[in-house]
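This report concerns only the one structure given below.
None of the figures in this text is laboratory data; all of them are computed from the coordinates on show. Just so it is clear, the structure is predicted and the values come from calculations on it, not from any experiment. Backbone-built Cβ (ideal geometry, glycine too); neighbour counts: all protein chains shown.
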Amino acid sequence: MNHAKNGLVLTIVCAMALSTTCVPSLVSGGEGTEKIAYEYYLTGNPDDVVTDTSPGLLLAGGSNDIADAMRWMIERSGGGDFVVIRCSGSDGYNPWIYNRLGGVDSIESIVFLSQRACHDEFIIETIRNAEALFIAGGDQWNYVSMWKGTPVEDAIHFVANKPAPVGGTSAGLAILGEFAFSARYDTIDSEAALADPYNSSVALERNFLNLEYMEDKITDSHFVARDRMGRLVTFLARIVEDRWSDVAMGIGIDEKTAIGVDEDGDVTVFSLPGYTTGSAYMLRTPGPPEVCDRDTPLTYTGVSVYRISTGATFNLATWTGNGGTSYTLSAIDGVLYSDQPDGSIY
């Protein structure tokens, strides 16, 4: 099946079976072959369906995906077409969602390999037709540098505004807030971020996605496993110090843990079965930091934290919860302290 477009031929090779996989490539209209712009994988019904959808955000902390969390998205999709977008990997979600979880008309995975794909009519239409949209893990700088300011960004907003559920895990989670740690200059750990809030690796981004209940917020994943509390506090300090927002909020989520946010801002915590220690951490700034300068350790006192696990509740609109644990963190000369009885920052 070939489609001529702007002097290029789009070649789609399909293996016809119960599970259909399609891999498109761009082939030059002249001599030689263009770089492949994307890979596309389809499992299920190739025709577009339209179902009754409900809004929702799924924020997942990375590592193992959680079946109940994905079922929450599927339910809100009305059983329609589930689309996964990513910049690395392949079709790993297709058999798991379609065959193991079920309840969807189709599952489509798009792997962006070139920014050319961000302007491809077939790709943009596929995203816009989604009844659920999920951003896989990987490297969030690929997402920011490739998708920001392109029709892909508009298509993500189109799905969210239907309204239909949108989610992401790990790097996919990182870009869901109004503010994002872009990882443009690779990652940074808590110790280095607290030691110098203006370290070049504290690379923050804004004006990308604008999703309901995510205003003034930044997210972080793999939270306790990679000891990221200190860097999230630093991100918040920078956001306020740089006057991006008077009050900033951070959402840190553990591995094997996810939160679903419904149309009222109410949060449901999902954890991998048998994994009882996973939590989400809700941070809020008290005002401007006392000391937030280049080449100077951070001092920022009175950052509030509300930790929730399975069974606890929280609301992103009111920033209040029940059944969780409330405490305060302070960074003093680049060292993080907690007012919890055992002094734990988590």
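Quick notes on this one:
- Were the residues from ASP266 through ASP342 laid out at 0.36 nm apart, the gain over their Cα-Cα distance would be 24.4 nm.
- Choice from ILE251, ILE107, ILE66 with maximal GNM fluctuation in the chain (Cα, 10 Å cutoff): ILE66
- Burial ordering of ARG238, ARG231, ARG206, fewest other beta-carbon atoms within 10 Å first: ARG206, ARG238, ARG231
- As a ratio to 2.2 N^0.38 Å, the alpha-carbon radius of gyration computed for the range 285-346 takes the value 1.30.
- Projected label points at THR328 and ASP295, each 7 Å from Cα along the beta carbon direction, are separated by 3.3 nanometres.
- Rounded tilt (10° steps) of 67-77 against the dominant C-alpha axis of the chain: 60
- For the range 177-346, Kirkwood radius (reciprocal of mean inverse C-alpha pair distance, Å): 16.0
- Directionally averaged shadow of the chain, computed from the convex hull of its alpha-carbon atoms, nm²: 17.7
- Relative to the longest principal axis of the Cα atoms of the chain, helix 151-160 runs at roughly 70 degrees.
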